[in-house]
Protein chains: 2
Amino acid sequence: MFLIKLGGSIITDKGVKYTFKKEIMDRLSSEIKKADKEIILVHGAGSFGHILAKKHSLNQGYKDDTQIQGFSDTHAMVQQLNSLVLTSLHDHDIAAVSIPPHAVLKLDDHRPSAVDYTIFKEYLSKGFTPVTFGDVVLDKTLGFSICSGDLLMHMLAEYFNPEKVLFVLDEDGIYTSNPKTDKNAEFIEKTTILELENLKTSANDHADVTKGMQGKIETIKNISRLGVDAVLLNGNVNNRLYDTLVGKKTKNTLVYGEKR
Amino acid sequence: MFLIKLGGSIITDKGVKYTFKKEIMDRLSSEIKKADKEIILVHGAGSFGHILAKKHSLNQGYKDDTQIQGFSDTHAMVQQLNSLVLTSLHDHDIAAVSIPPHAVLKLDDHRPSAVDYTIFKEYLSKGFTPVTFGDVVLDKTLGFSICSGDLLMHMLAEYFNPEKVLFVLDEDGIYTSNPKTDKNAEFIEKTTILELENLKTSANDHADVTKGMQGKIETIKNISRLGVDAVLLNGNVNNRLYDTLVGKKTKNTLVYGEKR
């Protein structure tokens with residue numbers, strides 16, 4: 001089984017509210033269909049979630065009643081993005097079923113608490129493709145908080161031990177430094193957590209790895225420690241996702257699981 | 001707490017695919033907001049669900065793989081209707097949160113099996129309005145089946161023991177016979193299950209009670225046996241829902257809970 005995350009920045013324009021990149025999503029759907037693998041899909045909330053969530057400080061937990069409506073509104077917008085993703089998947093004959101975090105799991109001070117994975121398992125076993133996404137959720141300590149797509153990736157990787165975990169991004173993968181500002185930046189095809197650790201230290205010193213990638217490295221470190229290989233790839237380029245899924249050589253970054 | 005069902009025929013045009021009655025929904029949202037009660041809302045799938053579900057025989061359970069895509073498509077369309085309902089509720093400052101049956105419960109040969117009601121309870125306790133709806137669901141015996149809005153009403157009434165259960169319909173309530181064909185039809189303001197049983201027998205003999213109402217009476221009989229009062233009212237008429245919620249006299253049919 002493959003666990004795939006479609007990053008919020010690849011399926012939405014993160015800077016502009018409620019902008020869905022339908023053409024890219026449709027191409028990714030067709031690549032997933034063509035690869036014909038067992039898949040659990042996670043998508044980010046992108047501009048359907050982050051802007052509202054930030055406005056209402058939802059990730060800091062309950063502070064006042066105005067946030068209650070903010071929570072509802074954010075949930076509704078993320079559900080609308082999820083419907084757009086579902087429509088694209090269904091248009092490509094993928095039997096996707098949505099599993100919304102706000103209804104099936106709870107966090108406790110941002111950490112996974114009550115999670116029922118059997119619903120994912122049962123849909124998978126019947127031939128469906130479960131789809132989940134970054135969402136607002138109840139939080140035992142904070143009242144509510146945010147369950148990010150990256151946290152879902154870690155949780156699902158831990159439970160399902162997938163063959164590979166794929167992050168579909170709007171970048172090719174990991175470079176030694178930021179390729180947009182550093183001509184000497186080298187693309188990393190294969191790496192380990194230890195190497196990434198060293199890279200991160202130097203990145204912080206020089207602030208030269210793209211910001212999105214720095215956060216991503218934390219998630220990948222956690223997944224790698226589970227012994228699961230992670231691949232980062234560019235969803236803007238034709239067939240990178242398909243080639244990665246079927247094991248064909250293409251441009252991407254493989255981070256080895258640590259138990260290997 | 002009030003448990004309200006917005007019938008599929010009041011929020012959609014049941015005969016025409018994917019037709020949402022936005023004006024009626026908006027007025028019902030404003031009446032719910034004005035009444036300011038603790039509420040769990042259930043809505044039917046109407047023309048967003050029934051047509052597809054019937055096409056793929058989803059309620060008869062798994063028969064062949066073509067149904068898998070049918071299940072997904074039906075789920076996606078019902079989620080779109082739910083998003084329209086959520087938008088209307090949010091536009092009227094109701095902090096609605098969707099709890100989709102296909103993700104949180106399972107049936108066993110059409111009967112409730114694994115159901116986690118705590119998620120409804122927790123959202124309620126934080127000041128949210130949980131919203132659930134007729135949906136496709138997993139079924140232990142059948143593979144999958146349909147969880148109707150009426151079944152949800154029965155399940156939630158049993159667990160929450162609400163003050164009243166309200167059915168918002170496109171009819172005034174229950175008549176002694178079909179008012180559209182029988183000039184002697186009398187409107188029933190208050191009744192008991194025993195009276196309804198007798199009515200039903202005669203209705204079957206003469207086929208003169210509206211068809212929708214006959215099915216409804218089964219659901220109401222089950223809810224009445226829990227000792228919960230049920231009210232049937234016409235959502236097409238201004239303030240019938242509001243008046244019923246705040247206890248003002250209006251045209252509707254009250255069916256007494258049997259434990260009274």
Filter result (more than 11 Å from A:S72 (Cβ to Cβ) and in contact with a strand residue (DSSP E or B) (Cβ under 6 Å, 6 or more places away or on another chain)) within region B:101-123: B:P101, B:H102, B:L105, B:K106, B:L107, B:H110, B:S113, B:A114, B:V115, B:F120, B:E122
Residue under evaluation A:V115, criteria (1) within 30 Å of B:D65 (Cα to Cα); (2) within 10 Å of chain B (Cβ to nearest Cβ); (3) at pLDDT below 95, criterion not met: (2)
Contacts under 6 angstrom Cβ, first residue in region A:217-233 being at positive phi, partner buried (at least 18 other Cβ atoms within 10 Å of the Cβ), 6 or more apart: A:G227/A:G257
Residue in region A:118-135 that is farthest from the other protein chains (Cβ to nearest Cβ), counting only those that are aliphatic (A, V, I, L, M) and over 24 Å from B:Y117 (Cβ atoms): A:L124
Residue match in region B:206-221 (condition: touching a Leu at 6+ places or on another chain (Cβ under 8 Å), among the basic types (K, R) and modelled with pLDDT of 95 or more): no
Test result for B:D172, surrounded by fewer than 22 Cβ atoms within 10 Å (Cβ to Cβ) and within 16 Å of the chain's Cα centre (by Cα): yes
Flag if B:V16 is of a type in the set (A, V, I, L, M) and within 28 Å of A:D93 (Cβ to Cβ): yes
Residue satisfying all of: in region B:135-161; under 15 Å from the mean Cα position of the chain (by Cα) and open to solvent by 10 Å² or more (accessible area, probe 1.4 Å); nearest to B:G215 (Cα to Cα) among these: B:D150
Residue in region A:136-143 that is touching a residue at least 12 places away in the same chain (Cβ under 8 Å), within 17 Å of A:L3 (Cβ to Cβ) and either more than 10 Å from chain B (Cβ to nearest Cβ) or in a strand (DSSP E or B) (or both) present: no
Answer from B:L156, B:L169 - the residue that is modelled with pLDDT under 95, more than 9 Å from chain A (Cβ to nearest Cβ) and within 30 Å of B:I193 (Cβ to Cβ): B:L169
Within region A:1-119, strands (runs of 3 or more DSSP E) holding 1 or more residues that are in contact with a His (Cβ under 7 Å, 6 or more places away or on another chain), crowded, with 17+ Cβ neighbours inside 10 Å and in contact (Cβ under 8 Å) with a residue 40 or more places away in the chain: A:2-6, A:96-98
Unique residue being more than 15 Å from the chain's Cα centre (by Cα) and open to solvent by less than 30 Å² (accessible area, probe 1.4 Å) when the list is A:V255, A:V237, A:V246: A:V255
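The values are calculated or read from the model by the stated rules, or taken from the named source; none is laboratory data. Quick caveat, the model's predicted, so the values are computed rather than measured. Note: ideal-geometry Cβ built from the backbone for every residue, glycine included; neighbour counts use all protein chains shown. Ligands, DNA and RNA are excluded from the accessible area calculation, which covers all protein heavy atoms including side chains. Shrake-Rupley method; radii C 1.70, N 1.55, O 1.52, S 1.80 Å.
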